[in-house]
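*Asks:* Structure in structure tokens, see below.
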Amino acid sequence: MSKELVRKSMPQRKAKERIGDFQEVNLGYTEEQAILEAKRCLQCKKPLCIKGCPVEIDIPKMIEYIAKGDFIGAIKNAKEKNALPAICGRVCPQETQCEKLCILKHKGQPVAIGNLERFIADWEASHTTNSKEYNNKEQSEPNRGAKGIKIAVIGSGPAGLTCAADLARMGYEVTIFESLSEPGGVLRYGIPPFRLSRGVVDREIEYIKNLGVDIKVNMLIGQIKSLNNLFAEDYKSIFIGTGAGLPRFMNIPGENLNNVYSANEFLTRINLMKAFKFPEYDTPIACGKKVAAIGAGNVAIDSARCALRLGAQEVSIIYRRSEQEMPARDEEILHAKEEGVKLFLLTLPVEYYSDEKGCVKKARCIKMELGEPDGSGRRRPIPIENSDFEMDIDTVVVAIGQSPNPLLLHSTPELKVAKYGNLVVDEESLETGIKGVFAGGDIISGAATVIEAMGAGKRAASSIDNFLAKK
Amino acid sequence: MFEILVNRELAPGIKLLEVKSPDITKKVKPGQFIVLRINEKGERIPLTVADKHPERGSLDIIYQEVGKTTRELGCLGKGEFLLDLVGPLGKPGEIAKYGTIILIGGGVGIATLFPYIKAFKKAGNKIISILGARTKELFFLEKEIENLSDEFYITTDDGSYGKKGFVTDLLKDLTEKKIDLVLAVGPLVMMKAVRQITKPLKILTWVSLNTIMLDGTGMCGSCRVTVGDEVKFACVDGPEFQADKVDFDELIFRNQRFSKEEAISLNIYNEKCGNKRCPKN
């Protein structure tokens, strides 16, 4: 392979060292590495990578700036489309989006777009955050609140933050209502700090606040205020980005035993409430020595890797299909394996057994084989008869997916809900059945990725602008 | 930040916290609860709302100092603040005219019962109240509840007040008359015992379940409870459930999930404070 085809690998901490704490695994490029990587870009006349980006960052332009060493130019370019570049550079599944379409992929390895995005966002932070002057001058919006029109955004996850940022830049007065004690949604309670440090989340949210967005925490809309209350308070339009917060269970015997958690509970205790610092922090977590995470998405991998960091000795991923069908990002699967997570593939738990104290002590599983592709295009797992076996485990984390959060929908009967609990919206405008109320992110799609939610938030912001312009 | 207006002792180890939150006060209904967190390192705990004061935009929360967090809460004084307060959470109770209602409160569960009694009375029901506790000094709100009740009974385990014995002993006698609804709030074993009596008699019985919660908004499933064939989340599907189908034994186990960690937390706290409840207030 010629030199320019070799992609600069992401510097990372050694597996042994990193499972001792919750600090970030990836360290980020140096300036030199970033420039070398950026120079690999062919600067295609018709760049395909942009088509793979749900928020349509002008990727070649961003990379061109980096190649020239103009990092400020690069970050400004990225932020025109993406208010959360340090986050996306860390958690986007680039291999199925921008990097999948990179021409260099056919010749070998695509340009490391995600790593570069992360680099410029972190570079900006480390070179400018201490400068108040820079923040005020470069980051705040000249037309803050210029339109004098109030908009309410419900939920401060990726969809809500993106929608709010875009609307604020257009000159609207935006208020985000968040039910938890801190903003960020899944970025805060779901994704662990070793993948996305809390400093990065704080920094990106600070940026959005600097755009003029007001964030009110501890506000569970639907309970404390209805949508009608918000309209009565003179909000002219509402965006619902309440996410997929409802954990799914398998409904198998023993699933309510102690030490069987939903991934949401396990991760929220750790990430939001800092149970890994118990007893310094008050929120407890009971994690045993033999842990199984059920499922194979990013959430399952995150749970397994958290368990390792809590001191578990044997951590397994139990998944009913094969490795090829695992929906998690490639990098997460790789990192999990490096750290010692074992994969029990083509395996399905069917029952958990209890010890005398009501805690899980064993799982009964069956082996599966793959049949014809199902509706999702993935080969359907079929149980193999008489393949039952037992596994000693003392902690289970169920990470088989989340459904849209039903609370607001239940308290607002005018909102139409589809079969799997998804909020029904107009496909083009993302408007719900209620005039002036829009929605996007996991609440309409079911659990998906951060960047897809951000894409929806962006589209909704533009629809809200159109809606209000017509009024 | 949420300002504390009052935090005073009602009975040994039981305190009333009045905290300001005009938005929650406007919306809260009987049976609903809040989740609070004292400070940045604190845990989120659910507590039911015992009363509200619209004129002051404040809520009354009655709690028992049992663990580290409630002990720490007990040390806060007027003018101090809670970092987080979210609510109202859970479904409100179904307040209507049923006829004759027996309302049973055990221990700190009496606090949850109080807004129900007021609402049921207002809806035109005949109110029979039974309050139970270990011993005389642990009662609170009993005068207020007596004033709202058509019949009023007290039981204590040690016989120091009212009738000696359990609330269920009295309940047996009272169910000889026609009863349209029983609502019981208290320790899980008490609610289970109430169900043992009312189920064979086919009396509609509601219980309000206290479970371990984290967010309190339906996101984590920490509070899951088996009701009949279904798994419910007490925070959003409850906290009130029909008693006949609740799997109390499972819930009793589930409520001990973190007993080891709770003991560690409390021990550390006790070492710091010399094992005494806060003398303040």
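*Asks:* As an exercise: evaluate A:Arg380 against (1) charged (D, E, K, R); (2) assigned by TED's automatic domain parsing to the domain that holds A:Thr268; (3) modelled with pLDDT of 95 or more; (4) surrounded by 15 or more Cβ atoms within 10 Å (Cβ to Cβ) and give the number of the one condition it does not meet.
*Replies:* Single failed check for A:Arg380: (3).
*Asks:* List pairs: first in region A:406-421 and of a type in the set (D, E, K, R), second surrounded by 12 or more Cβ atoms within 10 Å (Cβ to Cβ), Cβ under 8 Å, 6+ apart or cross-chain?
*Replies:* As it stands, the answer is A:Glu414/A:Gly433; A:Glu414/A:Ile434; A:Lys416/A:Leu423; A:Lys416/A:Val424; A:Lys416/A:Thr432; A:Lys416/A:Gly433, since those pairs meet every condition given.
*Asks:* Pick from A:Leu211, A:Leu220: which is assigned by TED's automatic domain parsing to the domain that holds A:Thr162, more than 29 Å from A:Leu310 (Cα to Cα) and at pLDDT 95 or above? Before the answer, list the steps.
*Replies:* Details: A:Leu211 fails: at pLDDT 95 or above.
None of the others qualify; the one that does is A:Leu220.
*Asks:* Then there is this: Could you identify the single residue in A:Ala336, A:Ala307, A:Ala300 that is free of Cβ contacts under 8 Å to residues at least 40 places away in the same chain and of a type in the set (Gly, Ala, Ser)?
*Replies:* A:Ala336
Residue by residue, here is whether (1) touching a helix residue (DSSP H, G or I) at 6+ places or on another chain (Cβ under 6 Å); (2) closer than 20 Å to A:Asp122 by Cα; (3) assigned by TED's automatic domain parsing to the domain that holds A:Trp123; (4) surrounded by 20 or more Cβ atoms within 10 Å (Cβ to Cβ) holds:
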| site | (1), (2), (3), (4) |
| --- | --- |
| A:Lys61 | yes, yes, yes, no |
| A:Ile66 | yes, yes, yes, yes |
| A:Leu84 | yes, yes, yes, yes |
| A:Val91 | yes, yes, yes, yes |
| A:Gly108 | yes, no, yes, no |
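*Asks:* Here are some conditions: (1) at pLDDT 95 or above; (2) more than 20 Å from B:Thr211 (Cα to Cα); (3) assigned by TED's automatic domain parsing to the domain that holds B:Leu188. B:Leu82 meets all but one. Which one does it not meet?
*Replies:* Evaluating B:Leu82 over (1) at pLDDT 95 or above; (2) more than 20 Å from B:Thr211 (Cα to Cα); (3) assigned by TED's automatic domain parsing to the domain that holds B:Leu188 leaves (3) as the failure.
*Asks:* If only one of A:Ile151, A:Ile221 is out of contact with any Pro (no Cβ under 6 Å at 6 or more places or on another chain), more than 14 Å from chain B (Cβ to nearest Cβ) and more than 30 Å from A:Asn26 (Cα to Cα), which one is it? Break it down into steps so the answer makes sense when it comes.
*Replies:* On the way: A:Ile221 fails: more than 14 Å from chain B (Cβ to nearest Cβ).
The unique qualifying residue is A:Ile151.
*Asks:* Mind listing whichever residues of region B:247-275 are within 17 Å of B:Gly221 (Cβ to Cβ) and more than 8 Å from every other protein chain (Cβ to nearest Cβ)?
*Replies:* B:Asp247, B:Leu251, B:Asn255
*Asks:* Considering each residue of region B:30-68, count those that are under 20 Å from A:Phe278 (Cα atoms), in contact with a helix residue (DSSP H, G or I) (Cβ under 8 Å, 6 or more places away or on another chain) and more than 12 Å from every other protein chain (Cβ to nearest Cβ), and give that number.
*Replies:* 1
*Asks:* Tell me, which helices (runs of 4 or more DSSP H) lie completely within region A:233-348 with 3 or more residues that are more than 12 Å from chain B (Cβ to nearest Cβ) and surrounded by fewer than 21 Cβ atoms within 10 Å (Cβ to Cβ)?
*Replies:* A:330-339
*Asks:* Also, quick follow-up: Out of the residues in region B:190-222 meeting the condition of being within 14 Å of chain A (Cβ to nearest Cβ) and of a type in the set (Val, Ile, Thr), tell me which one is nearest to B:Lys178 (Cα to Cα).
*Replies:* That would be B:Thr211.
The values are calculated or read from the model by the stated rules, or taken from the named source; none is laboratory data. This structure is a prediction, so every number in the text was calculated from the model and none was measured. Glycine also receives a Cβ, built like all others from the backbone with ideal geometry; neighbour counts cover every protein chain displayed.
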